[in-house]
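Colleague: Could you have a look at this structure, given as structure tokens, before my questions?
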Amino acid sequence: MLTNLEYLSAQVRRALTLAFGAEVSGADPLLSEASNPKFGDYQANVALPLARQLKQSPRQVALEIVNHLHVAERFEVPAIAGPGFINFTLKPSYLAAQMQAIQSDPRLGVALVSQPQRVVIDFSSPNIAKEMHVGHLRSTIIGDCLARVLEFQGHTVLRLNHVGDWGTQFGMLITYLREVCPEALTTAEVIDLGDLVAFYKRAKHRFDADADFREAARQEVVKLQAGAADTTQAWKLLCEQSRQEFQVIYDRLQVHLSERGESFYNPLLPQVLTDLDAAGLLAQDQGAQCVFLEGFTNKDGNPQPLIVQKSDGGYNYATTDLAALRYRIQQDQAQRLIYVTDAGQANHFAQVFQVAQRAGWIPHDIEITHVPFGLVQGEDGKKLKTRSGETIRLRDLLDEAIVRAKADLEARLVAESRREDPEFIESVAEAIGIGALKYADLSQNRTSNYIFSFDKMLALQGNTAPYMIYAYVRVQGISRKGGIDFGQLTHPTLVLEADAELTLAKHILQLPEIVQQVALELLPNRLCQYLFELSQKFNQFYDRAPVLSAAEPQRTTRLVLCDRTAQTLKLGLALLGIQVVERM
RNA sequence: GCGCUCGUAGCUCAGUGGAUAGAGCAGUUGCCUUCUAAGCAAUUGGUCGUAGGUUCGAUCCCUACCGAGCGCGCCA
């Protein structure tokens, strides 16, 4: 089933060939959604640039195209307007047929892709022995959303949590714990992550201030890399401790990941060096093994190196990322690699990708994309911190979102003299709080910085999760009130007449195009925008078109519109990783 | 110094080589005996950072400048 844009594109190309011959058949039809609903649903602008080439007036060109156009299956007779725009309006009968076609379709018309890919998405990636914070929130929920969208399209997605489970920090942490809490290194569950973070900070402090400590920490790293039993055991315990804490967060966010940390690639690092050398890319500089980059200069204007082996012989994250990239292509057989990290790492990834490219490790048909996102800022425009200047813990953020959602709900229950049991209040507050937190982040173009505000994300009106969930709840209200089982509407006869009905139906039917767009551009905010507009159009419909009291065939038509709206919202929000509730 | 990202309404943000640049919030004003008013309708508000250029047409592409953020060799 072609989308409307695909259908129009094919038809306009055919008309171009018929009207003007083969030489213009390659012209882009310049199709888009209508810039304004009063012009119809879609527009083709191809006549404007073609006019000059054909030495005819744009309107004349448009007329020739329309005369050779056959779109009656879906559209009214195309109209020519303005300087030479061709406007298309969908037929109500076609819309009704399409609504009927998706009536019992759980995928709401969204097709599976014809050529599923293996996709690796690298996201979340917190560091062992540190708390997850707001920075991880963006990566986690954007990555999860992209994974859900691609999975829904039928791709095989490997969701990789590239946790920071290796490196010099373990040397100082283990050294410090040997001094102050040795049992933590041999016994599970002795300390929780909060303590571990405190230990880490004190260890860092010692490391910076005390030369003996520094040397001991280095020795510990050497032991770890050599696989010494006691150090390795301690390392594993620390990782397990962190892992359990992370899992609490992931469970609350309902995000699934496969952990494959940096340490996984350790055995592969020497080969990276060997192969870079074989490719003639390796150079030694100031004792370090480097690849000099093209297009990157340092502060002196000289070519900048990517260091792949430090002068002390250790490897760094560039080496690990190169090994991971190769492993994902060769072993995981990934055809598309997606990295969801903050925009500050754009240079790093551009550099790693360049080196991998020059080493010949990226086949032509493999797509590698860094999906950057901006900083999370407080309402003062600065990097989000607590009042005392500490990094805000992710778990506290989740707690506060839920507490605030609960307070809103309880105030509303009082205002409306409603009584609900505690389980209801808890579950709604949880869904609304977490949903609002995710939606606020996903609804912005990820490339810009994001100003974090509980008040805005939990606002009951506007482009927020509560507003959309409320639209869903309204449909369920109709179902309850009228004793309607939407599942029984299997072969409805639909007659779309009122503007509110047509507008809503058109919007519902756009879901496949939106999903396709998000999968291509990797911008979740497009889906958010779609769902927000759907909610708005439903609320307008709800206001203007009574459902239960309508006569047939309006009543059935409107019931179907309600049901499909609700299912579209539920599906769309699910793709964002957000749950709906039946009442709120 | 170089690089990347960004600059759109009072605030938070969408958006596109094409028709009169949109939304939410805030402000003003209507609409609840009616499917939950967490809603709907109306209305105020813009030299799309500045200046050039390309184009039939630029908020969008190019150049310069101004401003903000981030990054720039042995952390990740």
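Colleague: Out of the range A:297-341, which residues are in a strand (DSSP E or B) and more than 7 Å from RNA strand B (Cβ to nearest atom)?
Modeller: Scanning the range A:297-341 gives A:PRO303, A:LEU306, A:VAL308, A:GLN309, A:ARG336, A:LEU337, A:ILE338, A:TYR339, A:VAL340, A:THR341.
Colleague: Checking A:PRO512 against (1) closer than 19 Å to A:LEU573 by Cα; (2) surrounded by 23 or more Cβ atoms within 10 Å (Cβ to Cβ); (3) in contact with a Ser or Thr (Cβ under 8 Å, 6 or more places away or on another chain): exactly one of these is not met. Which one?
Modeller: (2)
Colleague: Now, a different point. Just to be sure I understand, how many residues within the range A:429-446 are under 12 Å from the mean Cα position of the chain (by Cα) and within 9 Å of RNA strand B (Cβ to nearest atom)?
Modeller: Here the count works out to 4.
Colleague: While we're looking at this one, here's another question. Taking the criterion of being over 15 Å from A:TYR467 (Cα atoms), touching a residue at least 60 places away in the same chain (Cβ under 8 Å) and in contact with an Asp or Glu (Cβ under 7 Å, 6 or more places away or on another chain), would at least one residue in the range A:524-542 satisfy it?
Modeller: No; the residues of the range A:524-542 include none that is over 15 Å from A:TYR467 (Cα atoms), touching a residue at least 60 places away in the same chain (Cβ under 8 Å) and in contact with an Asp or Glu (Cβ under 7 Å, 6 or more places away or on another chain).
Colleague: Can you name every residue in the range A:377-407 that is at pLDDT 90 or above and either surrounded by fewer than 18 Cβ atoms within 10 Å (Cβ to Cβ) or within 12 Å of RNA strand B (Cβ to nearest atom) (or both)?
Modeller: Hits for the range A:377-407 are A:ARG395, A:ASP396, A:ASP399, A:GLU400, A:VAL403, A:ARG404, A:ALA405, A:LYS406, A:ALA407.
Colleague: Please work out which one of (1) within 18 Å of the chain's Cα centre (by Cα); (2) buried (at least 24 other Cβ atoms within 10 Å of the Cβ); (3) more than 21 Å from A:GLY577 (Cβ to Cβ) is the condition A:ILE128 fails and give its number.
Modeller: Among (1) within 18 Å of the chain's Cα centre (by Cα); (2) buried (at least 24 other Cβ atoms within 10 Å of the Cβ); (3) more than 21 Å from A:GLY577 (Cβ to Cβ), A:ILE128 violates only (1).
Colleague: May I ask you to say which residue of A:TYR94, A:TYR7, A:TYR42 is aromatic (Phe, Trp, Tyr), within 18 Å of A:GLN510 (Cα to Cα) and in contact (Cβ under 8 Å) with a residue 60 or more places away in the chain?
Modeller: Only one candidate passes the filter, namely A:TYR7.
Colleague: Name every residue in the range A:548-562 that is surrounded by 21 or more Cβ atoms within 10 Å (Cβ to Cβ) and touching a residue at least 60 places away in the same chain (Cβ under 8 Å), in order of residue number.
Modeller: A:THR557, A:LEU559, A:VAL560, A:LEU561, A:CYS562
Colleague: Check A:ALA51, A:ALA72 and return the single one that is small (Gly, Ala, Ser) and surrounded by fewer than 17 Cβ atoms within 10 Å (Cβ to Cβ).
Modeller: So the residue among A:ALA51, A:ALA72 that is small (Gly, Ala, Ser) and surrounded by fewer than 17 Cβ atoms within 10 Å (Cβ to Cβ) is A:ALA72.
Colleague: Let me ask something else. So, in the range A:363-376, exactly how many residues are away from RNA strand B (no atom under 16 Å from the Cβ), in a loop (DSSP other than H, G, I, E, B) and either in contact with a Lys or Arg (Cβ under 9 Å, 6 or more places away or on another chain) or not assigned by TED's automatic domain parsing to the domain that holds A:ASP332 (or both)?
Modeller: 1
Colleague: For residues that are closer than 22 Å to A:LYS570 by Cβ and of a type in the set (A, V, I, L, M, F, W, C), tally how many sit in the range A:114-144.
Modeller: 2
Condition check ((1) under 30 Å from A:VAL403 (Cβ atoms); (2) aliphatic (A, V, I, L, M); (3) in contact with a strand residue (DSSP E or B) (Cβ under 6 Å, 6 or more places away or on another chain); (4) within 11 Å of RNA strand B (Cβ to nearest atom)) across all residues:
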residue: A:ALA465; (1), (2), (3), (4): yes, yes, no, yes
residue: A:MET468; (1), (2), (3), (4): yes, yes, no, yes
residue: A:ILE478; (1), (2), (3), (4): no, yes, no, yes
residue: A:ILE484; (1), (2), (3), (4): no, yes, no, yes
residue: A:GLN488; (1), (2), (3), (4): no, no, no, no
residue: A:HIS491; (1), (2), (3), (4): no, no, no, no
residue: A:LEU523; (1), (2), (3), (4): no, yes, no, yes
residue: A:ASN539; (1), (2), (3), (4): yes, no, no, yes
residue: A:PRO546; (1), (2), (3), (4): no, no, no, yes
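Colleague: Any residue at all in the range A:365-376 that's of a type in the set (D, E, K, R) and either touching a helix residue (DSSP H, G or I) at 6+ places or on another chain (Cβ under 8 Å) or under 30 Å from A:THR297 (Cβ atoms) (or both)?
Modeller: Yes, the range A:365-376 has at least one match.
Colleague: Also: For the range A:543-555, does any single residue satisfy the condition of being out of contact with any Pro (no Cβ under 9 Å at 6 or more places or on another chain), under 30 Å from A:VAL371 (Cα atoms) and either at pLDDT below 95 or part of a helix (DSSP H, G or I) (or both)?
Modeller: Within the range A:543-555, none of the residues are out of contact with any Pro (no Cβ under 9 Å at 6 or more places or on another chain), under 30 Å from A:VAL371 (Cα atoms) and either at pLDDT below 95 or part of a helix (DSSP H, G or I) (or both).
Colleague: Only one of these conditions is not met by A:SER139: (1) in contact with a strand residue (DSSP E or B) (Cβ under 8 Å, 6 or more places away or on another chain); (2) among the polar types (S, T, N, Q); (3) farther than 30 Å from A:GLY109 by Cα. Which number is it?
Modeller: Looking at each condition in turn, A:SER139 falls short on (3).
Colleague: Checking the condition at pLDDT 95 or above and either surrounded by fewer than 20 Cβ atoms within 10 Å (Cβ to Cβ) or under 29 Å from A:LEU137 (Cβ atoms) (or both), which residue from A:VAL255, A:VAL222, A:VAL197 passes?
Modeller: Result of the check over A:VAL255, A:VAL222, A:VAL197: A:VAL255.
Colleague: What residue, of A:LEU238, A:LEU293, A:LEU268, is closer than 17 Å to A:THR168 by Cβ and more than 25 Å from the chain's Cα centre (by Cα)?
Modeller: Answer to the check: A:LEU238.
Colleague: Checking A:GLU423 against (1) modelled with pLDDT of 90 or more; (2) surrounded by 14 or more Cβ atoms within 10 Å (Cβ to Cβ); (3) closer than 28 Å to A:VAL248 by Cβ, only one condition comes out false. Which one?
Modeller: (2)
Colleague: Please determine whether any residue of the range A:134-148 is modelled with pLDDT under 90 and within 16 Å of RNA strand B (Cβ to nearest atom).
Modeller: Within the range A:134-148 (the criterion being modelled with pLDDT under 90 and within 16 Å of RNA strand B (Cβ to nearest atom)), the answer is yes, since at least one residue qualifies.
The values are calculated or read from the model by the stated rules, or taken from the named source; none is laboratory data. Note that the structure is a prediction, hence the values are computed from the model and not measured. Cβ atoms come from the backbone with ideal geometry, glycine included; neighbour counts cover every protein chain shown.
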